[in-house]
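Before any comments, here is the structure.
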Amino acid sequence: MSTSSLRSSPTLDVETLGNELRKPIQKVLNRVNRLSLQVKQGSFDDKEQMLTDLGKIENATKQLSRLVEDVFRQRVTPDGQIDTNSFSATVRHDLRTPVNAIIGYSEMLLEDAEASSSSAQADLADEFEELMTIGHHLLSLINELISFVKGREAPKPSKADLVDASPHLLEDAFQTITHDPSLPEIPATPAEVNEGTLLVVDDKDSNRELLSRQLGRYGFTVETAENGLQALKMMAEKEYDTILLDVLMPELNGFQVLAAVQADPKLKHIPVIMISALDEIDSVVRCIEMGAQDYLQKPFNPTILKAKINATLERKRLRDREQAYLKRLKQEQEKSEKLLLNILPRPIAERLKGGIQSHSSCTLQWRSCSALTAAW
Amino acid sequence: MPKILLVEDNEMNRDMLSRRLKRKGFDISIAVDGGQGVDMAEAELPDLILMDMSLPVKDGWTATREIKSNEKTRNIPVIALTAHAMAGDREQALAAGCDDYDTKPIELPRLLDKINNLL
């Protein structure tokens, strides 16, 4: 099914956001109603349990709908934007809870259907899978909404957030790109090439969002991954010019991703810049010892961010050129080898190579070099 | 059958998780708040505790700290269940003595992996 992105809407306003969420919510409600009728009228082994679970999905969806209406009707400022202060961590948590229930119960209905001996129940498996997919879609919409609102937030914690008593929330609120107006803007010189495809790997939506916007503004092409596994999958399919890798992530953390990259002969030449918060110097050192190119500390100084990425890209460009050169050289050498074998029988060619090797290969090398120089 | 104590205040989350874990062969006990969680940990001595971090009466961090400082229960592995929304939950859970953490929405295979690693 199509996963529409909130970000891709041309006019990202409250109206649009609200509608994007209402559509899948209504879809779930319609399907649950239909499925409940089907189950009531049919004969299934776990009829009671299925109806109960469908009912729970319905309740969770209605709860979500109420919350969404609350956000879009009551937490809107006079100029029609979502009031970021009232969009607190509690609201975010409350939005996610019913979606998790929709996903969880759909998954259970699906598992039961797949394990069932009744073919009527097994037939419903696809329907339950659809419900689960819509649930996941809702979750990603909610996450996008949250990071959208967070992105518009001024980088200071709201009172509501502090009340949630997480000591690291302040750090989180400040882990945005700070713009230091006292530093002179480095003008884009003709020599500066902000070109390249970057992969940003960070489990926090807001960090990914902010980094990709900032880097996008500089002219880089940015793609993002929200965990290590996704990043590795993406790297297997496309060659990125640099990876920006967060150290602290759940499941597969920065070290493990770095180790996997270094272990893969196809990936280890891709430069990795580690992203770290202030108090993780030990892990940063460890990453560099493991082969990371550089590290960036949060909050990011935009000048340093740009400079480090450009330096890394330049290094990679030089290395890529060198590799191309060496490859061409090898091809030329193989061509010459073949030529030699065409003229002389192998045993004589080998003897010649053994004796007069330096002279003939120097001549051949010299010709190869000029051919290459002409090509460049 | 290994016994798991699930400490979770949200009824739907409790229902979902306990049913699915029971189907995977675990014996499940339930506590609905932090205080009950600490008491049942001592009373039942489960093989593993799944602790939701945002609980009424006593929150998950405090409950874990108490469990880990009680000689009778300190060796029981604890997996924190954190809501994705709160930044710093993860670090706090580990600082309180949790042996691992998982984020909601719960992906059962991922959670099972973590459980099996600790049992």
Self-check item: Those residues of the range A:92-110 which are facing another protein chain (nearest Cβ under 9 Å), of a type in the set (A, V, I, L, M, F, W, C) and out of contact with any Asp or Glu (no Cβ under 7 Å at 6 or more places or on another chain), in sequence order
Solution: A:95, A:99, A:101, A:103
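Just to confirm my filter: which helices (runs of 4 or more DSSP H) fall fully inside the range B:1-92 and include at least 2 residues that are free of Cβ contacts under 8 Å to residues at least 24 places away in the same chain? So that I can check it myself, show each step before the final result.
Details: elements: B:11-23, B:34-44, B:60-69.
Result: B:11-23, B:34-44.
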Quiz item: Before we move on, is residue A:252 within 14 Å of chain B (Cβ to nearest Cβ), buried (at least 16 other Cβ atoms within 10 Å of the Cβ) and either closer than 17 Å to residue A:221 by Cβ or in contact with a helix residue (DSSP H, G or I) (Cβ under 8 Å, 6 or more places away or on another chain) (or both)?
Solution: yes
Quiz item: Out of the residues in the range A:213-237 that are in a loop (DSSP other than H, G, I, E, B) and over 13 Å from the mean Cα position of the chain (by Cα), which is nearest to residue B:110 (Cα to Cα)?
Solution: A:220
Exercise. May I ask you to say which residue of A:106, A:140, A:147 is small (Gly, Ala, Ser) and over 25 Å from the mean Cα position of the chain (by Cα)?
Key: A:106
Exercise. Could you please tell me which pairs satisfy a Cβ distance under 8 Å, a separation of 6+ or placement on different chains, a first residue in the range A:296-311 that is more than 11 Å from residue A:211 (Cβ to Cβ), and a second residue that is in a helix (DSSP H, G or I)?
Key: A:299/A:174; A:306/A:218
Quiz item: Going by the conditions given, is residue A:7 modelled with pLDDT under 70, of a type in the set (D, E, K, R), surrounded by 14 or more Cβ atoms within 10 Å (Cβ to Cβ) and out of contact with any Pro (no Cβ under 9 Å at 6 or more places or on another chain)?
Solution: no
Self-check item: Members of the range B:15-45 found to be farther than 13 Å from residue B:108 by Cα and within 11 Å of chain A (Cβ to nearest Cβ), listed by number
Solution: B:15
Quiz item: Quick one: what pairs do we get from the range A:47-65, first residue in a helix (DSSP H, G or I), second exposed (fewer than 15 other Cβ atoms within 10 Å of the Cβ), C-beta under 8 Å, 6+ apart or different chains?
Solution: A:47/A:40; A:51/A:40; A:58/A:33; A:65/A:22
Quiz item: Say we look at the range B:43-57 and pick out the residues that are touching a helix residue (DSSP H, G or I) at 6+ places or on another chain (Cβ under 8 Å) and surrounded by fewer than 17 Cβ atoms within 10 Å (Cβ to Cβ); which of these is farthest from residue A:204 (Cα to Cα)?
Solution: B:57
Quiz item: Has the range A:88-111 got at least one residue that is modelled with pLDDT under 80, more than 25 Å from residue B:14 (Cβ to Cβ) and not polar (S, T, N, Q)?
Solution: no
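Any residue at all in the range B:59-77 that's within 14 Å of chain A (Cβ to nearest Cβ), of a type outside the set (Lys, Arg) and in contact with a Ser or Thr (Cβ under 8 Å, 6 or more places away or on another chain)?
There is at least one residue in the range B:59-77 that is within 14 Å of chain A (Cβ to nearest Cβ), of a type outside the set (Lys, Arg) and in contact with a Ser or Thr (Cβ under 8 Å, 6 or more places away or on another chain).
I want to confirm something. Restricting to the range A:262-294 and keeping residues that are of a type in the set (Asp, Glu) and either at pLDDT below 80 or in a strand (DSSP E or B) (or both), which single residue is surrounded by the most Cβ atoms within 10 Å (Cβ to Cβ)? Don't jump to the end; show me each part of the working.
Filtering the range A:262-294 for residues of a type in the set (Asp, Glu) gives A:264, A:279-280, A:282, A:289, A:294.
Restricting the remaining residues to those that are either at pLDDT below 80 or in a strand (DSSP E or B) (or both) gives A:279-280, A:282, A:294.
Numbers: A:279: 8, A:280: 19, A:282: 9, A:294: 17.
Filtering the range A:262-294 for residues that are of a type in the set (Asp, Glu) and either at pLDDT below 80 or in a strand (DSSP E or B) (or both), the one surrounded by the most Cβ atoms within 10 Å (Cβ to Cβ) comes out as A:280.
Evaluate the following for residue A:33: is it modelled with pLDDT of 90 or more and either among the charged types (D, E, K, R) or closer than 27 Å to residue B:20 by Cα (or both)? Talk me through it step by step, then tell me what you get.
Values: modelled with pLDDT of 90 or more: yes; either among the charged types (D, E, K, R) or closer than 27 Å to residue B:20 by Cα (or both): yes.
Against the criterion (modelled with pLDDT of 90 or more and either among the charged types (D, E, K, R) or closer than 27 Å to residue B:20 by Cα (or both)), residue A:33 qualifies.
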Self-check item: Every pair of residues 6+ apart whose Cβ atoms lie under 9 Å, when the first sits in the range A:242-254 and is of a type in the set (Ser, Thr, Tyr) while the second is part of a helix (DSSP H, G or I)
Solution: A:242/A:309; A:242/A:312; A:242/A:313; A:242/A:316
Quiz item: Would you say residue A:52 is modelled with pLDDT of 90 or more, surrounded by 12 or more Cβ atoms within 10 Å (Cβ to Cβ), more than 18 Å from residue A:130 (Cβ to Cβ) and more than 24 Å from the chain's Cα centre (by Cα)?
Solution: yes
Quiz item: Out of B:52, B:100, which single residue is closer than 30 Å to residue A:149 by Cα and within 14 Å of chain A (Cβ to nearest Cβ)?
Solution: B:52
Practice problem: Would you check if residue A:236 is farther than 22 Å from residue A:211 by Cα and surrounded by 14 or more Cβ atoms within 10 Å (Cβ to Cβ)? | Solution: no
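The values are calculated or read from the model by the stated rules, or taken from the named source; none is laboratory data. All figures in this text were calculated on a predicted structure; none of them were measured in a lab. We place every Cβ from the backbone using ideal geometry, glycine too, and count neighbours over all the protein chains shown.
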